[in-house]
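The structure appears right after this line, and notes come after that.
The values are calculated or read from the model by the stated rules, or taken from the named source; none is laboratory data. No experiment lies behind these values; they were computed from the predicted model shown. Every residue, glycine as well, gets a Cβ built from its backbone with ideal geometry; the counts of neighbours run over all protein chains shown.
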Amino acid sequence: MTEIKLAGVVGAGTMGAGIAMCFANAGIAVRLTDNSAQVLERAGDLIAANYASLVERGKLSSSDAVDRVAAITRTVTFADLAPADVVVEAVFEDMSVKREVFERLGALCRGNTLLATNTSTLDVAAIARSAPYPERTIGMHFFSPAHVMKLLEVVRGEATASDTVAATVALGERLGKIPVVVGNCDGFVGNRMLLGYKREAEFAVLAGASPERVDAALERFGFAMGPFAVSDLAGIDVGWRVKMERIKRGAAPPFRVSELPDALVAAGRLGQKNGRGYYRYEPGDRKRHADSEVDALLARERARAGLASREMDDTEIVERCVYALVNEGARILAEGVAATAADIDTIWLNGYGFPKARGGPMQYAETVGLTAVLERIRNFEQTDPIFWKPAQRLVMAATSGRF
Ligand SMILES: NC(=O)c1ccc[n+]([C@@H]2O[C@H](COP(=O)([O-])OP(=O)(O)OC[C@H]3O[C@@H](n4cnc5c(N)ncnc54)[C@H](O)[C@@H]3O)[C@@H](O)[C@H]2O)c1
């Protein structure tokens, strides 16, 4: 594998601009391209503003800021990526757009160039097949904001060669990230587990708890932010669009999911970006305020879901959300999508704000006792048998107490 001296990034949106900064921060020159000159200009302004803010806060010297801005060349000419040693693709989450980009990269770049996709949900192997050398193709799943978040899921496609995986891990470390190698499946490790966690948070709300209650319970447990505050920050429409895509391609999960996000999106409540999500926000302020419009919407959704309203204490809210993570984590281990329980914990600690003091979901379950966790899951299974079917790996691990 060649030494990485020049990087390319395709797509200069939210992720592409942040990824370009990661390379510049590591002293690697980078060419950032987009098919829209306007987007490229906006990315340049954003990058400059980010570095200026670091200088202002005393976190970066002005000469380093100048060097980093200079390390990022913006270009609308795709062919400028030809000499790159690595190219990270961060275009729209659309298989046909990504495949076209990989076909063009395959024809343009050297045979030993590392080609990475930043897809969050698409099949990395299918994207890789568009390039003439799929063994050099891999997923580099950065988290938003890419220049801040430490986690990097390194997604191994079926054809990805071992030295490509090793080179990507080394590159991730050079970028100051915490790379974790994962298998290729819908959502990889982090987002796949997130699905059940959010499902349970939404069902707690449909059962009568307010979003504030659920967020507070999980924040008291130690999460940096509760799930509804996170949805508001990320944009409720983002997760909703992923769900719609899943339904469209016939990959919806086998269990029932709530329609709460659909109702919020339909009501034009997209989160912090338009000041209205599960909470209301004042312009220029991220403080959450309760909103009577949400109360009315929730009352309608609760009636529609037909769930009997009942009290749910903090313990049950936390058990439902966290044990959903543990059960899916156990399946992920059994399938070999994650190599170890510690890898799953690393992902949840560094990408999803799981409380550091609790060591990650899998270690936390071992601390509680796997037999006790399994017993509680069996209890939930009685009223919700598909979602709460205990993972075979958890049943097996309960005997030894370790995953
Ligand atoms: N936003 C997130 O939180 C997040 C997190 C992890 C991964 N991702 C993934 O990263 C990718 C990019 O997401 P984003 O949020 O930055 O999207 P975005 O819409 O902000 O940016 C995508 C950019 O790609 C450009 N583009 C589209 N087709 C192109 C082409 N053929 N050639 C060059 N440029 C092209 C668009 O002009 C746009 O600027 C997606 O695959 C997404 O799933 C997003």
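Worth a mention:
- All conditions in (1) part of a helix (DSSP H, G or I); (2) more than 16 Å from the ligand (Cβ to nearest atom); (3) surrounded by 15 or more Cβ atoms within 10 Å (Cβ to Cβ) hold for I4, with the sole exception of (1).
- Apart from one condition, G196 fits all of (1) under 19 Å from the mean Cα position of the chain (by Cα); (2) assigned to a loop (DSSP other than H, G, I, E, B); the exception is (2).
- Residue that is surrounded by the most Cβ atoms within 10 Å (Cβ to Cβ) [pool: residues in segment 104-145 that are of a type in the set (D, E, K, R) and more than 15 Å from the ligand (Cβ to nearest atom)]: R136
- Taken over segment 213-245, the criterion of being of a type in the set (D, E, K, R), within 13 Å of the ligand (Cβ to nearest atom) and modelled with pLDDT under 90 is satisfied by R241, E245.
- R57 vs. criteria over 30 Å from A166 (Cα atoms), more than 11 Å from the ligand (Cβ to nearest atom) and modelled with pLDDT of 95 or more: yes
- V148 more than 10 Å from the ligand (Cβ to nearest atom), under 24 Å from the mean Cα position of the chain (by Cα) and surrounded by fewer than 19 Cβ atoms within 10 Å (Cβ to Cβ): yes
- Looking only at segment 264-300, and only at residues there that are part of a helix (DSSP H, G or I) and within 27 Å of the chain's Cα centre (by Cα), the one that is nearest to M225 (Cα to Cα): Q272
- Test result for V87, more than 11 Å from the ligand (Cβ to nearest atom) and in contact (Cβ under 8 Å) with a residue 12 or more places away in the chain: yes
- One residue from R276, R199 being more than 16 Å from the ligand (Cβ to nearest atom), touching a Lys or Arg at 6+ places or on another chain (Cβ under 6 Å) and not acidic (D, E): R276
- Positions within segment 280-318 being farther than 17 Å from L233 by Cβ, among the acidic types (D, E) and buried (at least 16 other Cβ atoms within 10 Å of the Cβ), in sequence order: E301, E316
- Some residue of segment 248-256 being crowded, with 20+ Cβ neighbours inside 10 Å and either under 23 Å from Y323 (Cβ atoms) or touching a residue at least 12 places away in the same chain (Cβ under 8 Å) (or both): no
- Number of the exception - E212 against (1) assigned to a loop (DSSP other than H, G, I, E, B); (2) under 24 Å from L298 (Cα atoms): (1)
- Number of the condition not met by N191 [criteria: (1) farther than 24 Å from N327 by Cα; (2) outside any loop (DSSP other than H, G, I, E, B)]: (1)
- Here segment 85-102 is the region considered, the condition is being closer than 16 Å to S36 by Cβ and charged (D, E, K, R), and the residue that is farthest from the chain's Cα centre (by Cα) is E100.
- Residue check, F23 under 25 Å from the mean Cα position of the chain (by Cα) and under 23 Å from P145 (Cα atoms): yes
- Those residues of segment 208-232 which are closer than 21 Å to F387 by Cα, crowded, with 20+ Cβ neighbours inside 10 Å and touching a Leu at 6+ places or on another chain (Cβ under 9 Å), in sequence order: P227
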